[in-house]
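**Q** Just passing along the structure, written as structure tokens.
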Amino acid sequence: MNINSLGGTMTKFIKNLIVVALLSGLTFACGGTSDEQSPAQNTSNNESEAIETDATTSEESVTEEQQEPSDAERPEPQPSGQDETTDESVVEERIASDIGITEDTITIAVIIADLKGLRDIGFPLPDGLTNEALSGRIGAYLDDWNAAGGINGRTFEMVEITWNPLDTSTMENACIEATLDNEVFLVINASGFNPAFLPCLTEDNDTTVLLGDKAPQYLLDAAPNRLFGFFPPGEVAAVQAGRLFLDETDIPTGSKLGILEPNNPGVQAASASLRDLLEDNGYQTVTVTIDNTSGDNAAANAQAAASVAQFNAENVSEVFVLLSFLVTDAFWGEVEFLDVSWNRTIVDVGPGMCSQFSASRTNPAAEGSTCVTSTGAYSLPEGGLRDDNTFEAQCRDEWLDHFPVFEGKSDRGTPSGEVNLETADGDLLSSDFSFADCNIVYALKHAFDNAGVNPTRDSFAAAMKTYKGPAAQMSNGEGAFGPDKNYFATQMWKMEFRIVSSDTKRSSDGLFNGCPAPTNCWIPVSGSWLRIE
């Protein structure tokens, strides 16, 4: 609105200003139906109450204090004696406000792993895991928003971009496709993208990225208004794992502790944080570095296997594993073959390392290993399964609406993409919903609802940092971004790797050797969550 055109007295100026504020509120309210609003509070077992998604600020340590009303919730102050009505209508005109935004559309890129290469080498993948299904986990929500009229008058267009999970160099091509071949406003990856290639997007091309998984803290610091993750950075996870080890261990100081790391810069930053903490507390460390950036998966596995003998020769008492399940199969096989005496702790520093899906594909020789993570679980320490919290139940209903391949059935804790997985009892189980994508889309909608009629990358980032709310299958059911906190999780806990053979029958507590489904899984050690310090 052109203020100079108001003319007249200050009274008339204030009247028109009030009208603009009221009509702007109506414009934001037209963003979607009530079904699209952030879900209600989380009230499940072993989950802290979810925090309202409309809150406007967040701190690194989330508390249960009563939230102050947001600016949007506070009534507009009315000057004394002023008339609150007017015949004049003012609506902000939509413009092409940023790259990937036109007057009518917003373009989003969804980057996924191309699963064909994994299938070609015999990697076991369920029928429900396809490229179309992976990108559709975001795309289906965009379609829902479009059917309801979009957000602030704009509909969404999606570009699917893939990389070969067996050749990390193809992730650079994904960056090129997202930034040069297409004009996109932001990029989404639910899991698996190597953080080493994020600077191509966030720093070199000033592109916003939302990760359902994690990114190193130094990358978050380098792009504080462009990079957002949902899981704690590797550096944070490593320090939390180290602190928990120091609190619980009876290994005497002066002993040697092993660290198995890749040559990925992001994970090495986490490894350095862990190493410094252990050495500062009187332990010696032995670090073995594996080359996992060459794209040669077999060579990386061979190097990991060889590390077992080296750790034995160094007489270590514990080994911290900072490698993904794709390159540790031979390592775990060698651990079993040599019957090592040292303990193993997996540190959740990379994409999907301690997820329930990765557990279902991890070598059973990893049995008994622990992981400190923000990943949730349905198994209860005392036995049985917990119920969905309110947000998870909503995510599950939406999952079934979006993917008819599962025939209206989604079972808690069943690995992603499984369709009619048969148990030894003759029951058929189908995939749990994808929690990462559900967490992402609710944060995404909050940001677009609050980024203005003509969003920019900066206004989107500012809106993202005000999002706090319920979390599905992670962080004890809650999470929050903040002005200086670009990751969502607020809590972590320790889980143990449990193996389940396919012929295991369901026990009286409804579990398969402690797991929700007849596949390997992560189960909570104590059920106690720790606030991230």
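**Q** If you average 1/r across every pair of different Cα atoms in the range 260-370 and take the reciprocal, what Kirkwood value do you get, in Å? Display every interim value, and only then the final one.
**A** Values: mean 1/r = 0.0708 Å⁻¹.
Result for the range 260-370, one decimal place: 14.1 Å.
**Q** Give the peptides 509-515, 427-433 in descending order of average Cβ contacts within 10 Å, highest first.
**A** Values: 509-515: 19.1, 427-433: 21.4.
Descending packing order for the listed peptides: 427-433, 509-515.
**Q** Just grab the label-to-label distance for Glu103 and Thr423, each label 7 Å out from Cα along the Cβ direction, in nm (one decimal).
**A** It is 5.8 nm.
**Q** What are the ³J(HN,Hα) couplings of the range 426-439, residue after residue, when phi is run through the Karplus curve with 6.51, -1.76, 1.60 and θ = phi - 60°? Round to Hz, x for glycine and proline.
**A** x, 6, 10, 10, 10, 3, 5, 6, 7, 5, 4, 5, 5, 4
**Q** Next up: How far is it, in nm, from the label point at Ala299 to the one at Val405 when both lie 7 Å from their Cα along the line to the Cβ?
**A** So the label points at Ala299 and Val405 sit 3.4 nm apart.
**Q** Once fully extended, how much extra length lies between Ala96 and Val525, figured as 0.36 nm per residue of separation less the alpha-carbon to alpha-carbon distance?
**A** Roughly 149.3 nm would be gained on extension.
**Q** Around Glu248, what is the net charge, scoring Lys/Arg as +1 and Asp/Glu as -1 over all other residues with Cβ under 15 Å from its Cβ? Don't jump to the answer; show the numbers that get you there.
**A** On the way: positive: Arg243, Arg344, Lys494; negative: Asp247, Asp250, Glu318, Glu496.
Overall, the nearby charge balance is -1.
**Q** Moving to a separate point now. Determine ³J(HN,Hα), in whole Hz, for all residues of the range 364-377 in sequence, where each value follows from phi through the Karplus function 6.51 cos²θ - 1.76 cosθ + 1.60 and θ = phi - 60°; x replaces Gly and Pro.
**A** Values per residue, Gly and Pro as x: x, 5, 7, 3, x, 5, 10, 8, 9, 8, 9, 4, x, 8 Hz.
**Q** Using per-residue counts of other Cβ atoms within 10 Å, averaged over each peptide, order 378-388, 486-496 from highest down. Walk me through the numbers before you get to the answer.
**A** On the way: 378-388: 17.4, 486-496: 24.5.
The packing order, highest mean first, is 486-496, 378-388.
**Q** Once each part is reduced to its C-alpha centroid, what is the distance from the range 408-435 to the range 203-261 in angstrom?
**A** 31
**Q** Under 5 Å between amide H atoms, partner at least 5 residues away or on a different chain: which partners does Ile259 have, H built in plane at 1.01 Å?
**A** Those qualifying (amide H under 5 Å, at least 5 residues apart or on another chain) are Val286, Thr287, Val288, Phe320.
**Q** Given H placed on each backbone N at 1.01 Å, which residues far from Thr162 in sequence or on other chains put an amide H within less than 5 Å of it?
**A** Ile112
**Q** Taking the simple approach of a point 7 Å from Cα along Cα-to-Cβ for both Asp206 and Gln310, what is their distance in nm?
**A** So the label points at Asp206 and Gln310 sit 4.3 nm apart.
**Q** Rank-order 186-195, 305-314 by packing density, defined as the average count of other C-beta atoms within 10 Å over each peptide's residues, highest first.
**A** Most protected by this proxy first, the peptides run 186-195, 305-314.
**Q** Work through the residues other than Cys354 whose Cβ is under 15 Å from its Cβ and net out their charges, Lys, Arg +1 and Asp, Glu -1.
**A** +1
**Q** Sequence-distant or interchain residues sharing an amide H contact under 5 Å with Thr208, placed H: which?
**A** Val187
**Q** Rank the residues Lys465, Lys485, Lys409 as a footprinting-exposure proxy: fewest other Cβ atoms within 10 Å of their Cβ go first.
**A** Details: Lys465 22, Lys485 19, Lys409 13.
So the ranking, lowest neighbour count to highest, is Lys409, Lys485, Lys465.
**Q** For the range 319-327, just list the computed ³J(HN,Hα) in residue order, Karplus coefficients 6.51, -1.76 and 1.60, θ = phi - 60°, integers in Hz, with x standing in for Gly and Pro.
**A** For the range 319-327, the Karplus curve yields 10, 9, 9, 10, 10, 6, 5, 5, 10 Hz.
**Q** OK, next. What is the ratio of the Cα radius of gyration of the range 153-253 to 2.2 N^0.38 Å, where N is its residue count, to two decimals? Spell out each step's value before the answer.
**A** Working: Rg = 16.9 Å, N = 101, 2.2 N^0.38 = 12.7 Å.
Working it through for the range 153-253, the quotient is 1.33.
**Q** How much net charge surrounds Ala424 when only the other residues with a Cβ under 12 Å from the Cβ of Ala424 are counted, with Lys and Arg +1 and Asp and Glu -1? Can you show the working numbers first?
**A** Details: positive: Lys505, Arg506; negative: Glu422, Asp425, Asp427, Asp503.
So the surrounding residues net to -2.
**Q** For the range 306-398, what is the relative contact order in percent, using Cα pairs closer than 8 Å and at least 6 residues apart in sequence? Write down the numbers at each step before the final one.
**A** Details: 83 pairs, mean separation 23.8, N = 93.
Computed over the range 306-398, the figure is 26 percent.
**Q** Still on this model: If you place +1 on the Cβ of every Lys and Arg and -1 on the Cβ of every Asp and Glu, how big does the dipole about the Cα centre of the range 252-350 come out, in debye to the nearest 20? Write out the running numbers ahead of the final one.
**A** On the way: 3 positive and 13 negative charges, 20 e Å.
Once rounded to the nearest 20, the dipole reads 100 debye.
**Q** Using alpha-carbon positions, what is the distance between the centroids of the range 84-158 and the range 300-379, in Å?
**A** 36
Every read-out reported here was derived from the displayed coordinates using simple, explicitly stated rules and does not represent laboratory data. Everything quoted here is computed from the prediction, not taken from an experiment. Glycine also receives a Cβ, built like all others from the backbone with ideal geometry; neighbour counts cover every protein chain displayed.
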